[in-house]
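Have a look at the structure below, then the notes.
The values are calculated or read from the model by the stated rules, or taken from the named source; none is laboratory data. Not measured: the values here are computed from a predicted model. Counting neighbours? That spans all protein chains shown, and the Cβs are built from the backbone with ideal geometry, glycine included. The accessibility values were calculated without ligands, DNA or RNA, using every heavy atom of the protein model including side chains. Shrake-Rupley method; radii C 1.70, N 1.55, O 1.52, S 1.80 Å.
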Amino acid sequence: MKQWYDNAIIYQVYPRSFQDSNNDGLGDLEGLLQRLDYIKKLGVNAIWINPVFTSPQVDNGYDVSNYFNIDPHFGSMDTMNALIKRAHELGMHIILDFVLNHTSDQHPWFQDALKSPKSLFRDYYIWEHTKDGQVPNNWGSFFGGSVWAQHPTEKNTYYFHLFDQHMPDLNWANPEVRQAMIEVAKYWVEKGVDGLRLDAFIHIAKANLRQDFPSAEKGAVIAEPMYANLPNVVTYLQEFINELRKINPDLFILGEGASAGPELAALYTRSNRGNALCDGIVSFRNLPKERLAQQDPLAMKLNLPAKEKLDLAQLPESIVHWQTSLAQTTQPTLYFSNHDMPRMATAYADSEYFERSLKTLATMQYLQKGVPIIYYGEELGLKNVELERFTAFQDQTVTALKSQLSGREQTEVLKYLSQTHKTPARQPMPWDDSANQGFSEHEPWLRTSSKQVTVAAEEDDPDSLLNFYRQLLHLKQQDLFANGEFRLLTAPTGLLVYERYLAGKSALVVTNLTSDSMSYTNDDWTNADITYTVGQVTLDDKQWHLAPWSSIVLKQDQLPWL
């Protein structure tokens, strides 16, 4: 049975950065409500909203202290209700970011658990007691240091936190926790949200807490096999989703499987004897990447993340692997960036052919079989902004770098991190040329001197990236590109060529992902209709000649092999 999300095109909104309605420098739900018509015009039919629950904001809302209310920074429940209602009137769906691996340490459950080992909520979290004052194991937190934090008053008693120490992990092995989280999710499903994006769900099962992870390194080490993708994740997930689908059979579940490859993505989207799992998986491994040949010496010395680019040699195999692995379960998610990554224009654009490269990359990616996820501002070609203070990155490991560096080195590292870190990709949306580019009359929460192209400027330019995205996403809504089969064709490295076909109709997408001119021959398509081109593409004696970063989309009312 076909669901609405089989044809989903998702627009991800980072609410604190989208539109400020009350001029406090922070984006809010009322601001998003005011901009729904803009999102609708883009050609999307679903909006993924990063967390807006009550939170101390240690991790920008991913530390939830009250799941049943909206954080006052973002507005009220009345505004959320109005947002859901208006989105539905416009034919769009709302997907909430749902944090289920951990809570804030300010959540009433954890506050009560701290009071006594006999607390009813003690077993809602993961605790260990040691005799020697040493942490229970050598597992490392994704935010640095150990996954274990000392109880503030009980000697040698530790709680588990895979992320920040102010974000203790829930104990999903406890049936009461699983039921409590089901009740929280039901509350929002009954309010009318159309989907949930399950944050960090692959971590809800843990291994034996007394087992160290074998490593030659001293101290805490990242130990993913001990707390990622363990078998009980599927067990817990099935129970959770099945209960929600009793309320809304059409509920869309988008799981964040950051480290999942195609096989794990297929596992998490496979229905087994009526037990439903996710409908889509967001993985950080969806595109193959290679380190740039020349790396910054200072960045290498400090062990900062390496700059990367698309691995064009591995790209065809990666695409076929994802398409084939998910063909019998769901569709791939098609995206370049999100709030946890550098922006697409920073990571992948060619500076010499900037706008053309972004148009060709979008053509290559979003016309495949799958669900596009557009990160807000991508349609404008937004780059990461330059941040001028170490504290602006909101990352303890980054802040600690300042004391290790000379003044000149500090400037170099700030510029480098502005290109590779996630925070500079969360900048305020630039709407126009007024104060703070129309985001707010107050200085925005993320202070930056960067000025970027605005919505207003691109609206009036028929060749702008914004108007191209509108054309591309409306094309994606056509049945052929939304539901057609996918077949990758053999082509020289740097050319990505594929067919889409459905009910006797077919399309060919040819993209040159390089700064060199390239040619492609295919006798079956020389008489097809041209849907659109990017850059310069010519046909000469059955051979297509594509200038650097050019692309072409062709359609015909027949299957090329018949």
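When the range 507-521 is filtered for residues that are surrounded by 19 or more Cβ atoms within 10 Å (Cβ to Cβ) and either more than 22 Å from LEU315 (Cβ to Cβ) or not hydroxyl-bearing (Ser, Thr, Tyr) (or both), the ones remaining, listed by number, are ALA507, LEU508, VAL509, VAL510, ASN512, LEU513, MET518.
Here is a check on your reading of the model: is LEU209 open to solvent by 10 Å² or more (accessible area, probe 1.4 Å) and in contact with a Pro (Cβ under 8 Å, 6 or more places away or on another chain)? Spelling it out, LEU209 is indeed open to solvent by 10 Å² or more (accessible area, probe 1.4 Å) and in contact with a Pro (Cβ under 8 Å, 6 or more places away or on another chain).
Against the test of being at positive phi, out of contact with any Pro (no Cβ under 7 Å at 6 or more places or on another chain) and open to solvent by 30 Å² or more (accessible area, probe 1.4 Å), the options GLN394, GLN328, GLN294 yield a single qualifying residue, GLN394.
Can you find, within the range 218-236, the residue that is nearest to TYR11 (Cα to Cα) among those that are in a loop (DSSP other than H, G, I, E, B) and open to solvent by less than 30 Å² (accessible area, probe 1.4 Å)?
Going through the range 218-236, the residues in a loop (DSSP other than H, G, I, E, B) turn out to be 218-220, 222-223, 228-231.
Those still in the list that are open to solvent by less than 30 Å² (accessible area, probe 1.4 Å) too: 223, 228.
Working: ALA223: 33, ALA228: 27 Å.
Looking at the filtered set, the residue picked out is ALA228.
Tell me which helices (runs of 4 or more DSSP H) are completely within the range 1-108 and hold 1 or more residues being touching a Lys or Arg at 6+ places or on another chain (Cβ under 8 Å), closer than 30 Å to GLN478 by Cβ and of a type in the set (Lys, Arg), or say none if there are none. Steps first, answer last, please.
On the way: elements: 29-34, 36-42, 77-89.
Result: 36-42.
Number of residues in the range 451-471 that are out of contact with any Lys or Arg (no Cβ under 8 Å at 6 or more places or on another chain) and either polar (S, T, N, Q) or part of a helix (DSSP H, G or I) (or both) equals 11. For the range 62-118, the tally of residues that are polar (S, T, N, Q) and under 23 Å from ILE374 (Cβ atoms) stands at 0. Just one of the listed residues (TRP188, TRP148, TRP127) is in contact (Cβ under 8 Å) with a residue 24 or more places away in the chain, under 32 Å from the mean Cα position of the chain (by Cα) and either under 18 Å from LEU209 (Cα atoms) or open to solvent by 20 Å² or more (accessible area, probe 1.4 Å) (or both), and it is TRP127.
Can you tell me how many residues in the range 184-217 are within 21 Å of THR79 (Cβ to Cβ), in contact with a helix residue (DSSP H, G or I) (Cβ under 6 Å, 6 or more places away or on another chain) and not in a helix (DSSP H, G or I)? Lay out the reasoning, then the answer.
Within the range 184-217, the first condition is being within 21 Å of THR79 (Cβ to Cβ), and the residues that meet it are 184-185, 187-197.
After this cut, where a residue has to be in contact with a helix residue (DSSP H, G or I) (Cβ under 6 Å, 6 or more places away or on another chain) as well, the list is 185, 189, 192.
Then keep just the ones that are not in a helix (DSSP H, G or I); that gives 192.
So the count comes out to 1.
On the stretch given as the range 420-435, residues that are outside any loop (DSSP other than H, G, I, E, B) and buried (at least 18 other Cβ atoms within 10 Å of the Cβ) total 4. Among the residues of this structure, SER17 does not count as one that is in contact with a helix residue (DSSP H, G or I) (Cβ under 9 Å, 6 or more places away or on another chain) and on the phi < 0 side of the Ramachandran plot.
So is LEU267 open to solvent by less than 40 Å² (accessible area, probe 1.4 Å), in contact with a Leu (Cβ under 9 Å, 6 or more places away or on another chain) and touching a residue at least 24 places away in the same chain (Cβ under 8 Å) or not? Spelling it out, it is not the case that LEU267 is open to solvent by less than 40 Å² (accessible area, probe 1.4 Å), in contact with a Leu (Cβ under 9 Å, 6 or more places away or on another chain) and touching a residue at least 24 places away in the same chain (Cβ under 8 Å). Check ASN69, ASN22 and return the single one that is surrounded by fewer than 18 Cβ atoms within 10 Å (Cβ to Cβ), farther than 30 Å from ALA482 by Cβ, more than 21 Å from the chain's Cα centre (by Cα) and in contact (Cβ under 8 Å) with a residue 12 or more places away in the chain. The conditions single out ASN69. Every condition in (1) under 15 Å from SER104 (Cβ atoms); (2) modelled with pLDDT of 95 or more; (3) open to solvent by 20 Å² or more (accessible area, probe 1.4 Å) holds for PHE143 except the one numbered (2). Within the range 158-177, the presence of at least one residue that is crowded, with 17+ Cβ neighbours inside 10 Å, hydroxyl-bearing (Ser, Thr, Tyr) and more than 29 Å from the chain's Cα centre (by Cα) is confirmed. Number of residues in the range 113-126 that are in contact with a helix residue (DSSP H, G or I) (Cβ under 9 Å, 6 or more places away or on another chain) and within 23 Å of PHE240 (Cβ to Cβ): the value is 7. Within the set LEU196, LEU170, the sole residue that is closer than 19 Å to VAL58 by Cβ, modelled with pLDDT of 95 or more and in contact with a Leu (Cβ under 9 Å, 6 or more places away or on another chain) turns out to be LEU170. Take the residues in the range 31-47 that are touching a residue at least 60 places away in the same chain (Cβ under 8 Å) and open to solvent by less than 10 Å² (accessible area, probe 1.4 Å), then tell me which one is nearest to ALA87 (Cα to Cα). Step by step, filter the range 31-47, then rank; the result is ALA46. In the range 72-87, which residues are within 23 Å of the chain's Cα centre (by Cα) and open to solvent by 10 Å² or more (accessible area, probe 1.4 Å)? Of everything in the range 72-87, just one residue is within 23 Å of the chain's Cα centre (by Cα) and open to solvent by 10 Å² or more (accessible area, probe 1.4 Å), namely HIS73. Mind listing whichever residues of the range 510-562 are farther than 24 Å from LYS289 by Cα, part of a loop (DSSP other than H, G, I, E, B) and in contact with an Asp or Glu (Cβ under 6 Å, 6 or more places away or on another chain)? Passing the criteria: LYS542, PRO560. Part of a helix (DSSP H, G or I) and out of contact with any strand residue (DSSP E or B) (no Cβ under 7 Å at 6 or more places or on another chain): does that describe ALA349? When the stated conditions are applied, ALA349 does not pass them. Could you check the range 109-134 and list, in sequence order, the residues that are at pLDDT 95 or above, assigned to a loop (DSSP other than H, G, I, E, B) and either in contact with a strand residue (DSSP E or B) (Cβ under 6 Å, 6 or more places away or on another chain) or among the β-branched types (Val, Ile, Thr) (or both)? Within the range 109-134, just ILE126 meets the criteria.
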